[in-house]
1. Obtain the nm distance between the two label points defined at ASN36 and GLN120 by a simple spin-label model: each point lies 7 Å from its Cα along the Cα-to-C-beta direction.
2. In the range 61-93, which residues have a backbone nitrogen under 12 Å from the label point lying 7 Å from ALA107's Cα in the Cα-to-Cβ direction?
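Coordinate-derived values only; no laboratory data. Owing to the predicted nature of the structure, the values given are computational and were not obtained by experimental measurement. Every residue, glycine as well, gets a Cβ built from its backbone with ideal geometry; the counts of neighbours run over all protein chains shown.
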Amino acid sequence: MKLIISIFAIVFCSAVSGQNVPRNPQDVVPIVSQTNEHAPDGSYRWSYETGNGIKAEETGTLKQTKDPENPVVVVAQGGYSYTAPDGQVIQLQYVADDEGGFQPAGAHLPTPPPIPPAIQRALDFLASQPSTNAPGGGFGKRK
């Protein structure tokens with residue numbers, strides 16, 4: 001039984017070992033440029049570009065907060081671009097911070113459908129009405 005398990009393990013390891021090796025030399029994508037900078041204050045900047053047109057960059061800076069548990073946070077901003085299989089160039093820019101989280105922006109991202117005119121009129125009407133201060137925040141018993 002040990003012999004069968006050993007043979008199976010050897011066959012499995014041999015099959016798995018060569019999977020990341022490019023089959024053709026043209027499959028290897030060179031790194032055209034790459035930077036990686038770290039400052040003593042904790043800020044950073046990195047970027048790279050590959051031979052097939054992929055580009056990415058990010059800058060991180062430290063920000064003071066009023067939160068005693070997290071007095072300093074990193075604010076990151078950056079972006080990347082690549083060409084999709086259909087030939088469209090995809091570009092995404094982003095900001096990530098403690099207040100808004102990850103906020104991506106790009107023409108390829110989906111957008112919400114427009115608000116129907118009847119709903120928009122109702123929202124406009126409600127916004128034009130004076131606010132009322134009902135007891136219990138509006139959920140109390142009526143008298």
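1. In this crude label model, ASN36 to GLN120 measures out at 5.0 nm.
2. The answer is 88-92, whose backbone nitrogens lie closer than 12 Å to the label point.
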